[in-house]
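Report on one structure; see the data block that follows.
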Amino acid sequence: MGPVELLHMSVFSQSFSPCGRFLAAGNNYGEIAVFSLSAALSPDATPLSQKPVLRFTGTCTSSYRYSLYWYLYDEDFPSQDNSLVFGGGDNNVHILDLEHGVFKSVLQGHTDYVHCVSVRDREAEILSGGEDGAGVQRQTSFYQDMILAVGEGPSVSHCLLGGEVKAQIPCSPQSLNTLQLNTSSTEHRVLTVGGSSDLIDVFTNLSYRTFSLSF
């Protein structure tokens, strides 16, 4: 991918692996990249450690955004597998088997692009929301007694539960689309933020950006 494409790249979605050691992210060119957090956070990390360990194009053509959800069925269930669920601009939800690198199924029903997906692991139930129903303008996450929020503008807002903005932490992208808290691993517990850039900011401390992953 050339410098012009990188200049116009936006990251729309992220999902941590169930083990907490990997991060999947989707951009506006229909690409999905998988980053190794264990490598990027290592004391021996190099610039190469902040690049994807796996990168592929989804089933949609370019200029489509993806919503992502990475899940692993419980080992007590016979249908256990390691899958990435994502929706995008083709109005469908796709399930990718990460162990074998093949698409397992396509779920139809939306009439416009899919904003978000989530999975109830034990019931193997996939929930999705799209432009045909309700649009997502901001993304929020709860952390202790705060709400972390992103939207228009280059900062993560730390808000009190009553709505008061306590702090705004600068980020690399000028407009933010997605944030994720990694709660699956205490060793790799980070906040990641993506938006109108090829960079994904990583926070090991919520008060400042530690480094950035890049497509």
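List the number of the failed condition for Asp90; all other conditions in (1) part of a loop (DSSP other than H, G, I, E, B); (2) at pLDDT 55 or above; (3) within 19 Å of the chain's Cα centre (by Cα); (4) surrounded by fewer than 17 Cβ atoms within 10 Å (Cβ to Cβ) hold.
Going through (1) part of a loop (DSSP other than H, G, I, E, B); (2) at pLDDT 55 or above; (3) within 19 Å of the chain's Cα centre (by Cα); (4) surrounded by fewer than 17 Cβ atoms within 10 Å (Cβ to Cβ) one by one, Asp90 breaks only (4).
For the stretch 8-24, name all the residues that are farther than 18 Å from Gly88 by Cα and either free of Cβ contacts under 8 Å to residues at least 60 places away in the same chain or polar (S, T, N, Q) (or both).
His8, Ser17, Phe22
So which residues in the stretch 168-215 are in a strand (DSSP E or B), among the small types (Gly, Ala, Ser) and farther than 17 Å from Glu152 by Cα?
Ser212, Ser214
Residue-by-condition table, conditions (1) out of contact with any strand residue (DSSP E or B) (no Cβ under 6 Å at 6 or more places or on another chain); (2) at pLDDT below 90; (3) not β-branched (Val, Ile, Thr):
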position: Ser17; (1), (2), (3): no, yes, yes
position: Leu23; (1), (2), (3): no, no, yes
position: Ile32; (1), (2), (3): no, yes, no
position: Ser38; (1), (2), (3): yes, no, yes
position: Pro52; (1), (2), (3): no, no, yes
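Is there any pair with a first residue in the stretch 130-154 that is closer than 14 Å to Gly194 by Cβ and surrounded by 15 or more Cβ atoms within 10 Å (Cβ to Cβ) and a second that is hydroxyl-bearing (Ser, Thr, Tyr) and at pLDDT 80 or above whose Cβ atoms are under 6 Å apart and which are 6 or more apart or on different chains, and what are they?
Note: pairs meeting the criteria are Gln139/Thr178.
With the checklist (1) surrounded by fewer than 12 Cβ atoms within 10 Å (Cβ to Cβ); (2) at pLDDT 75 or above in hand, flag the one item Ser79 doesn't pass.
(2)
Across the stretch 105-117, which residue is surrounded by the fewest Cβ atoms within 10 Å (Cβ to Cβ) among those that are modelled with pLDDT of 80 or more and assigned to a strand (DSSP E or B)?
Val106
Do we have Gly101 as closer than 29 Å to Tyr208 by Cα and either at pLDDT 80 or above or of a type in the set (Gly, Ala, Ser) (or both) here?
For Gly101, the condition - closer than 29 Å to Tyr208 by Cα and either at pLDDT 80 or above or of a type in the set (Gly, Ala, Ser) (or both) - is not met.
Mind checking which pairs have a first residue in the stretch 92-110 that is without any contact (Cβ under 8 Å) to a residue 60 or more places away in the chain and a second that is surrounded by 13 or more Cβ atoms within 10 Å (Cβ to Cβ) and outside any strand (DSSP E or B), Cβ under 6 Å, 6 or more apart or different chains?
His94/Thr59; Val106/Asn92; Gln108/Asn92; His110/Asn91; His110/Asp132
Would you confirm whether any residue within the stretch 55-75 is at pLDDT 75 or above and over 16 Å from Leu199 (Cβ atoms)?
There is at least one residue in the stretch 55-75 that is at pLDDT 75 or above and over 16 Å from Leu199 (Cβ atoms).
The values are calculated or read from the model by the stated rules, or taken from the named source; none is laboratory data. Being a predicted model, the structure only gives us computed values, none of them experimental. All Cβ positions, even for glycine, are placed from backbone atoms using ideal geometry, and neighbour counts span all protein chains on display.
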